[in-house]
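To start, the structure under review is shown below, and the notes come after it.
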Amino acid sequence: MTEDVLLTLDDGEIHVCLDGPRDAPALLLIHGTAVSARSWEPMVPLLTGSHRVVRIDLLGCGRSARPDGASYAVPDQARRVGAALDRLGVGRAVVVGHSSGGAVATALTEQRSDLVAAVGLVNTGPDMAAYIAKDVPVRAASWGDLTDDQVRRAMSDGFGPGYEIPRAFVEQFRDIDFAVFTAISQRVRAYLDERGLPDRLAPLGTPLLVIFGEEDRRWRPSSAAGYLAVPGATVEMLPGVGHSPNIEDPPRTAEPLLAFAAKHAPSAG
């Protein structure tokens, strides 16, 4: 059963979900823009046999706070993640980010190498030159009036062609705060424009796994090869899967992730 924890940090409350044995190595999962820790739910049963799975709602997302005037800069989100792990007593973890969550995972590694045993990136573009998605022409004022099918069409490039988005994730998209969504998106772009992720990760010496769906319609799939500039990096391409392998095909996503995490598993605690 999932344990829900609400942590009060200096600049807002952060919601965390905990699953799996308390004495198992920690595996931290960071969601992407416009969703929440719930986006990892299909993966959780596949991971808890060997790991203490920690899922976090970044500030402004899910059940975490949305305070006025908050900074959604990637380094600030990463700082909060580090503070949350400290509060939870997680000394070290394999850290995995999906999409823009991979930018937060990278920033956490830059800031707190003591916490990060290894990094996994799932469909995270290496820089903004790899971004191929089209803007969604939906205004905040009209969002609540859209049918489920219209929401699915608006968010369809977040999945492979023909994938039927589950109702649970339609509900997550409906929960979007457009001001927060815009702020987070802008800050992620700024972080990637400032310096690409391979360049950030290469000097850190942290083991890296990149998983990329070959049918991604938000980030150019061929851009995954850019991570090979990171010494020792492994890139796993998943045929027939789009931008969200953690939702579209959890078993195939879990397989390389579990093998990687087992190789680099931190001690529990």
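The values are calculated or read from the model by the stated rules, or taken from the named source; none is laboratory data. What you see is a predicted model; the values in this text were computed from it and never measured. No Cβ is skipped: glycine too gets one built from the backbone with ideal geometry, and neighbour counts run over all protein chains shown.
Would you check if Pro207 is within 21 Å of Thr253 (Cα to Cα) and not aliphatic (A, V, I, L, M)? So Pro207 passes the test. So, Arg79, is that one out of contact with any strand residue (DSSP E or B) (no Cβ under 6 Å at 6 or more places or on another chain) and surrounded by fewer than 16 Cβ atoms within 10 Å (Cβ to Cβ) or not? No: the conditions fail for Arg79. Checking each residue of region 92-100 against the condition of being in contact with a Leu (Cβ under 8 Å, 6 or more places away or on another chain), without any contact (Cβ under 8 Å) to a residue 60 or more places away in the chain and under 30 Å from Ile165 (Cα atoms) gives no match.
Note on region 237-252: residues that are assigned to a helix (DSSP H, G or I) and closer than 13 Å to Glu214 by Cβ amount to 3.
Does region 212-225 hold any residues that are outside any loop (DSSP other than H, G, I, E, B), touching a residue at least 24 places away in the same chain (Cβ under 8 Å) and touching a strand residue (DSSP E or B) at 6+ places or on another chain (Cβ under 8 Å), and which are they? Of everything in region 212-225, those that are outside any loop (DSSP other than H, G, I, E, B), touching a residue at least 24 places away in the same chain (Cβ under 8 Å) and touching a strand residue (DSSP E or B) at 6+ places or on another chain (Cβ under 8 Å) turn out to be Phe212, Gly213, Trp219, Ala224.
Checking Leu228, Leu209 one by one, the residue that is outside any loop (DSSP other than H, G, I, E, B), more than 23 Å from Ala73 (Cβ to Cβ) and within 15 Å of the chain's Cα centre (by Cα) is Leu209 and no other. Residue count for region 83-114 satisfying the condition of being in contact with a helix residue (DSSP H, G or I) (Cβ under 9 Å, 6 or more places away or on another chain), more than 26 Å from Phe212 (Cβ to Cβ) and small (Gly, Ala, Ser): 1. Taking the conditions exactly as written (buried (at least 20 other Cβ atoms within 10 Å of the Cβ) and either modelled with pLDDT under 95 or out of contact with any Cys (no Cβ under 7 Å at 6 or more places or on another chain) (or both)), does Val138 satisfy them or not? No. Looking at Arg87, Arg38, Arg63, just one residue is in contact (Cβ under 8 Å) with a residue 60 or more places away in the chain, of a type in the set (Lys, Arg) and either within 23 Å of Pro256 (Cα to Cα) or surrounded by 16 or more Cβ atoms within 10 Å (Cβ to Cβ) (or both), and that residue is Arg38.
Of the residues making up region 155-173, those that are part of a helix (DSSP H, G or I), surrounded by 16 or more Cβ atoms within 10 Å (Cβ to Cβ) and in contact with a helix residue (DSSP H, G or I) (Cβ under 9 Å, 6 or more places away or on another chain) are Gly158, Phe169, Val170, Gln172, Phe173. There is no residue in region 143-154 that is within 23 Å of Trp40 (Cβ to Cβ) and assigned to a loop (DSSP other than H, G, I, E, B).
Contact map, region 188-199: residues that are within 14 Å of Pro75 (Cβ to Cβ) and at pLDDT 95 or above paired with residues that are of a type in the set (Val, Ile, Thr) and not in a helix (DSSP H, G or I), Cβ distance under 8 Å, separation 6+ or inter-chain. Pairs shown: Val188/Thr33; Leu197/Thr124.
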